[in-house]
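Bear in mind these aren't lab numbers, they're just calculated from the coordinates by the rules spelled out. The structure presented is a predicted model; accordingly, all values stated were derived computationally and were not measured. Glycine also receives a Cβ, built like all others from the backbone with ideal geometry; neighbour counts cover every protein chain displayed.
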Amino acid sequence: MLFKQQAWLRQKLLVLGSLAVGSLLYLVARVGSLDRLQPICPIEGRFGARSQAEFPLRALQFKRGLLHEFRKGNTSKEQVRLHDLVQQLPKAIIIGVRKGGTRALLEMLNLHPAVVKASQEIHFFDNDENYAKGIEWYRKKMPFSYPQQITIEKSPAYFITEEVPERIYKMNSSIKLLIIVREPTTRAISDYTQVLEGKERKNKTYYKFEKLAIDPNTCEVNTKYKAVRTSIYTKHLERWLKYFPIEQFHIVDGDRLITEPLPELQLVEKFLNLPPRISQYNLYFNATRGFYCLRFNIIFNKCLAGSKGRIHPEVDPSVITKLRKFFHPFNQKFYQITGRTLNWP
Ligand code: A3P
């Protein structure tokens, strides 16, 4: 009898204990997210005539909840209307560079309560078929957001595609353009690794990087190889500068975003005229992945997909030296134009 009573009591205590721990965790999570979502200061020229008081804490608190539900199709049109949700054209675009860390940059910026990301690469400006569908098609591809938030999309092919600068200019000549770059040789190898993985997935063989990057006839760098051409950043940037002044670009150091993301993100916040809201709390190093991962609150965190942060194949050091020597003058020009020196070899 006594044993039965003891067991009953233990069970009750266990239930009560779990409830208490659950409630505590919930409260901490709420407080954590409330703290992050303090009312943000107006973003210059972006909030229009509406006052800060009209955008209370509550509105932005809904960002993760309501928008997430809407994406899952659980929110009615009525709720969207009630909450003033809209699909806005992007105010900033991550135009490249492929393998520079474009996904990491987009996901990390999305930690900011005033930023809403377009999850997919939309390829509106670089794909003639999509472009022919018109700007309304593009806008409808954008996520729902509050009017005071800014939408950001990323399509790395924009940076290297001939027609894109003019097309973006026609949509919005004052748009902010983000370019994330990595040391050009590393970026080219990363680019190669992605293609190689695709071939291997289809059980196809592929050339070695050395064979593609160096012209066997001349033993010089093969400038016809796309991975090499993409890394000549200054050549592409010069095309963009025919349409946009340099002040409308911000260069993100993709190598530093890997090792020390916060200062890079703070520079972007500044460039976008956003109040600083991304903190060290939002970024934690995951030793298993070997990369920083994202923490939205005490409960929700995530690392980038496994396709980000691949192991690169070993490349002949003499080829690396040759490539670095080749890129050097282009890099110097890039630093000079952008005003950002990146200490690449
Ligand atoms: P590697 O796969 O060569 O390491 P993109 O998103 O433009 O395709 O860039 C992919 C690169 O983002 C990866 O290249 C990786 O190094 C880099 N990266 C930067 N920050 C990262 C992060 N926090 N997690 C995973 N990859 C990150």
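Side notes on the structure shown:
- Mean separation of Cα contacts under 8 Å (6+ apart) over length of the stretch 189-305, as relative contact order %: 11
- Per-residue Cβ neighbour rank within 10 angstrom, fewest leading, HIS83, HIS236, HIS250: HIS83, HIS250, HIS236
- The stretch 280-336 - Debye-derived log10 I(q)/I(0), Cα point model, q = 0.14, 0.21, 0.24, 0.29 Å⁻¹: -0.68, -0.81, -0.89, -1.09
- A simple rule links phi to the HN-Hα coupling: the Karplus curve 6.51 cos²θ - 1.76 cosθ + 1.60 with θ = phi - 60°, which for the stretch 253-265 gives 7, x, 5, 6, 4, 6, 8, 8, x, 4, x, 5, 5 Hz, with x for Gly and Pro.
- The stretch 197-246: chymotrypsin sites (Phe, Trp or Tyr not before Pro) falling in loop per DSSP and having at most 13 other Cβ within 10 Å: TYR207
- Residues MET171, MET142, MET108 arranged by fewest to most Cβ contacts within 10 Å: MET171, MET142, MET108
- Karplus-derived HN-Hα couplings along the stretch 126-132 (A = 6.51, B = -1.76, C = 1.60, θ = phi - 60°), whole Hz, x at Gly and Pro: 9, 10, 4, 5, 5, 4, 5
- Relative contact order (percent, whole number), the stretch 86-338, Cα cutoff 8 Å, 6+ residue spacing: 23
- Amide H partners (placed H, <5 Å) of LEU283, local residues excluded: ARG295
- For the stretch 104-215, averaging the sequence separation of C-alpha pairs within contact (under 8 Å, six or more residues apart) and dividing by the residue count gives a relative contact order of 24 percent.
- Placing dummy labels 7 Å off each Cα toward the beta-carbon, the span from ARG340 to THR223 is 2.5 nm.
- Amide proton proximity set for ILE214, modelled H, under 5 Å, gap of 5+: ASN222
- In nm, spacing of pseudo-spin labels at GLU136 and GLU197 (7 Å Cα→C-beta vector): 3.9
- The stretch 304-345 shape via C-alpha gyration tensor axes, a/c threshold 1.5: oblate
- Dividing the convex hull volume of the alpha-carbon atoms in the stretch 149-241 by its residue count gives 137 Å³ per residue.
- Around the amide H of VAL115, modelled in the peptide plane, lie the amide H atoms of ILE150, all under 5 Å away and 5 or more residues distant in sequence or on another chain.
- Set of aspartates and glutamates near LYS204 by C-alpha distance (under 20 Å), chain-local residues within fewer than 8 positions excluded: ASP191, GLU314
- Sites LEU89 and ILE246, calculated FRET efficiency, Cβ-Cβ separation with R0 22 Å, nearest 0.05: 0.45
- Using the Karplus relation 6.51 cos²θ - 1.76 cosθ + 1.60 with θ = phi - 60°, the per-residue 3J(HN,Hα) values for the stretch 308-318 come to 9, x, 6, 7, 7, x, 5, 10, 3, x, 5 Hz, with x marking Gly and Pro.
- Loop-located GluC sites (Glu not before Pro) in the stretch 144-199 whose Cβ has at most 14 other Cβ within 10 Å (DSSP): GLU162, GLU163
- P(r) histogram, all alpha-carbon pairs of the stretch 245-322 included - 10 Å bins from 0, percent: 15, 37, 30, 16, 3
- Charges were assigned to the Cβ only: +1 to each Lys and Arg, -1 to each Asp and Glu. The resulting dipole of the stretch 86-338 about its Cα centre is roughly 340 debye.
- If the convex hull is drawn through the Cα atoms of the stretch 86-338, its volume per residue in Å³: 149
- Rounded, prolate or oblate (a/c below 1.5 giving rounded, otherwise prolate when a/b exceeds b/c) for the stretch 80-165 by Cα gyration tensor: oblate
- Residues THR185, THR341, sorted so that the one with the fewest Cβ neighbours within 10 Å comes first: THR341, THR185
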